[in-house]
1. Of all residues in segment 137-155, which are in a loop (DSSP other than H, G, I, E, B), in contact with a strand residue (DSSP E or B) (Cβ under 7 Å, 6 or more places away or on another chain) and either among the small types (Gly, Ala, Ser) or open to solvent by 50 Å² or more (accessible area, probe 1.4 Å) (or both)?
2. Just to verify a result, which residue in segment 17-52, among those that are hydroxyl-bearing (Ser, Thr, Tyr) and more than 17 Å from the chain's Cα centre (by Cα), is farthest from Thr95 (Cα to Cα)?
3. Determine which member of the set Ala166, Ala181 is touching a residue at least 24 places away in the same chain (Cβ under 8 Å), of a type outside the set (Phe, Trp, Tyr) and in a loop (DSSP other than H, G, I, E, B).
4. If you check every pair at least six apart or on different chains, which have Cβ atoms under 9 Å apart with a residue in segment 1-26 that is touching a residue at least 60 places away in the same chain (Cβ under 8 Å) and closer than 14 Å to Phe47 by Cβ first and a residue that is surrounded by 16 or more Cβ atoms within 10 Å (Cβ to Cβ) and of a type in the set (Phe, Trp, Tyr) second?
5. Do we find that Val189 is part of a strand (DSSP E or B), open to solvent by less than 10 Å² (accessible area, probe 1.4 Å) and modelled with pLDDT of 95 or more in this structure?
6. In segment 204-227, what residues are at pLDDT below 90 and within 21 Å of the chain's Cα centre (by Cα)?
7. Can you tell me which residues in segment 2-32 are on the phi > 0 side of the Ramachandran plot and either assigned to a strand (DSSP E or B) or at pLDDT below 95 (or both)?
8. Working only within segment 91-131, note down all residues that are under 11 Å from the mean Cα position of the chain (by Cα) and more than 16 Å from Arg43 (Cβ to Cβ).
Amino acid sequence: MQAALSSDGTLLASGSLDHTIWLCDIKSWACSRTLQGHTAWVRTVAFSPDGALIASASGDQTVKLWSTDTGKCLHTLTGHSNPIQSVAFSPDGKTLVSGSWDWTIKLWDVAGGKCLKSLNGHTDQLREVTFSANGRILVSSSLDQTIRLWEVGTGTCLKVLDAHTAEVEAIACSPDGQLLASASQDGTVRFWHLPDGECLHVLSIQTGYSGALVFSSDSQILAIGGEDGTCTLWDLGKFVLNCPL
């Protein structure tokens, strides 16, 4: 399960095995609201850039869009034929992407709740989907050991990155739009030049594969969550271990 923090840092949303989404106030750590409506576990959640909406993806094969203020379900997005692993909002908040165990990626119109495009190409379950900082490129990772770069406007696959030798568990795009980081069960984190897909550097992770990658707002530090329960911070200017947590 994955949790998400609102852009203003005041709310934490987390999905649960009990089919609900919990909203917690960061200052008090009190549960402010419980969102109910899914009929299977909630795999992942995401806030819209303005914090007004929450998207939740579930094993019931649906994505739901919720009002953060009221807790009301605004749209239920249907079309996937297997559990949904990952969701992400575009930087302008107008488009939502979902990646599923059915091997497909879907782009949705947030305002109307309609499917805009369905992208095919991966040959196994999707693990994560995310947008580049400018919203023009969609990045997806899969159990098929590849990463794909897609043009959002046309749905065209621009490049397949296939250097990993095991499942690609996590991806993240830097806020400056220059870097893509990918973490695999092969024990490495790779850094790619996002505009052209060139692999710039490979890190060997001693803690095993990573399930989470997050860039700092200035794109200078990458946080890597390890399977051993630790988080390490990497200085991307030097590619040396900065601080273990």
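1. Within segment 137-155, the first condition is being in a loop (DSSP other than H, G, I, E, B), and the residues that meet it are 143-146, 152-155.
Going one step further and asking which of them are in contact with a strand residue (DSSP E or B) (Cβ under 7 Å, 6 or more places away or on another chain), we end up with 143, 145-146, 152, 155.
Result: Gln145, Gly155.
2. Initial filter on segment 17-52 (hydroxyl-bearing (Ser, Thr, Tyr)): 20, 28, 32, 34, 39, 44, 48.
Keeping just the survivors that are more than 17 Å from the chain's Cα centre (by Cα) gives 20, 28, 32, 34, 39.
On the way: Thr20: 23, Ser28: 32, Ser32: 27, Thr34: 25, Thr39: 24 Å.
Going through the qualifying residues, I end up with Ser28.
3. Values: Ala181 fails: in a loop (DSSP other than H, G, I, E, B).
It is Ala166.
4. Partner pairs satisfying both residue conditions: Ser6/Phe47.
5. The answer is no for Val189.
6. Within segment 204-227, Ile205, Gly208, Tyr209, Ser210, Gly211, Ala212, Gly225, Gly226, Glu227 qualify.
7. If the condition is that a residue be on the phi > 0 side of the Ramachandran plot and either assigned to a strand (DSSP E or B) or at pLDDT below 95 (or both), then Gly9, Trp29 are the ones that fit.
8. Phe131
The values are calculated or read from the model by the stated rules, or taken from the named source; none is laboratory data. Remember, it's a predicted structure, so these values are computed and weren't measured experimentally. Positions of Cβ are generated from backbone atoms using ideal geometry, with glycine treated the same way; all protein chains shown enter the neighbour counts. These accessible areas exclude ligands, DNA and RNA; they are computed on the full protein's heavy atoms, side chains included. Shrake-Rupley method; radii C 1.70, N 1.55, O 1.52, S 1.80 Å.
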